[in-house]
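J.: Sharing a structure with you now.
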Amino acid sequence: MKAQLDISYTEKDTLIDGLIAAATTHLDGWTGILGQALCEQTWRQDYDSVSLHCMRLPLFPVISITSVKYKDENGVEQTIDPANYSLQTDDLSSYVQFISTYDLPTLYTELPRASATYKAGYADAGSSPNFTSTVPDAIKQAMLLLVRHWFDNPTAVNVGNIVSPMPFAVDALLAPFRRIQVC
């Protein structure tokens, strides 16, 4: 990031770290504008019902399913054997799909009735010191541009100049990665 800002001094390191964290929060996770996980993360999605056809996983990309659980008719949490479902992906998102011979259990009356825990994000391709991330370069570049923009324009109002809240290049780089949330 300091190379992008063309600075070598350390006086602004705390500010830069904060801007990187803000850019990450702006893009990443359930509340981020991309609707996807950037780095590998574990999430749990709760469901009011269980569909044999599919249980959508809202964050993308999904790496793996950790577990699928439900509350039985007595309210006791049960774990479904992974042999009874698989991870599938279509044009909308990833989802849990049960095998055709799986019998849907009787569920508890209180909500949520079921949950899926899964890993989402772009998988890490190594560890330090050779750490590389599989986050697409366009997303990384958009983050660099966004932090640069916030660093250069620290105030909400810049009198005498027109300052965009988000540079066009950032929007253009991120557009192919935005996910539409589906139910």
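J.: Within the chain, how many Lys pairs that are eight or more residues apart, or on different chains, come under 21 Å at the alpha-carbon?
T.: Close lysine pairs found across the chain: 5.
J.: Mind pulling the angle between the C-alpha long axis of helix 137-152 and the longest principal axis of the chain? Nearest 10 degrees, somewhere in 0 to 90.
T.: 50 degrees
J.: Connecting C-alpha atoms closer than 10 Å in a GNM of the chain, tell me which of Met55, Met166, Met143 has the biggest fluctuation.
T.: Met166
J.: Could you work out the relative contact order of the chain? I mean the mean sequence separation of Cα pairs under 8 Å and 6+ apart, divided by the number of residues, in percent.
T.: Relative contact order comes out at 27 percent.
J.: Can you work out the base-10 log of I(q)/I(0) for the chain at q = 0.13, 0.14, 0.19 1/Å, using the Debye formula on its C-alpha atoms alone?
T.: -0.78, -0.85, -1.24
J.: Shifting gears a bit: Once label points are set 7 Å from the Cα along Cα→Cβ at both Thr117 and Asn84, what is their separation, rounded to one decimal in nm?
T.: So the label points at Thr117 and Asn84 sit 1.7 nm apart.
J.: Can you show me the helix-derived [θ] at 222 nm for the chain, built from DSSP H runs with n ≥ 4 at -39,500 (n - 2.57) apiece and divided by the number of residues, rounded to the nearest 500.
T.: Rounded to the nearest 500, the figure is -7000 deg cm²/dmol.
J.: How big is D for the stretch 24-67, in µm² s⁻¹ as a whole number, if Stokes-Einstein is applied with the Kirkwood radius of its Cα pairs at 4 °C and 1.567 mPa s?
T.: After rounding, the answer is 111 µm²/s.
J.: Which value in nm describes the separation of the simple spin-label points at Asp137 and Trp30, placed 7 Å from the Cα toward the beta carbon?
T.: Between Asp137 and Trp30, the simple spin-label model gives 3.4 nm.
A short reminder: the numbers here are calculations on the coordinates, not readings from a lab. Bear in mind that the values here come from a model prediction, so they are computed numbers and not experimental data. Virtual Cβ from ideal backbone geometry, glycine too; neighbours counted across all protein chains shown.
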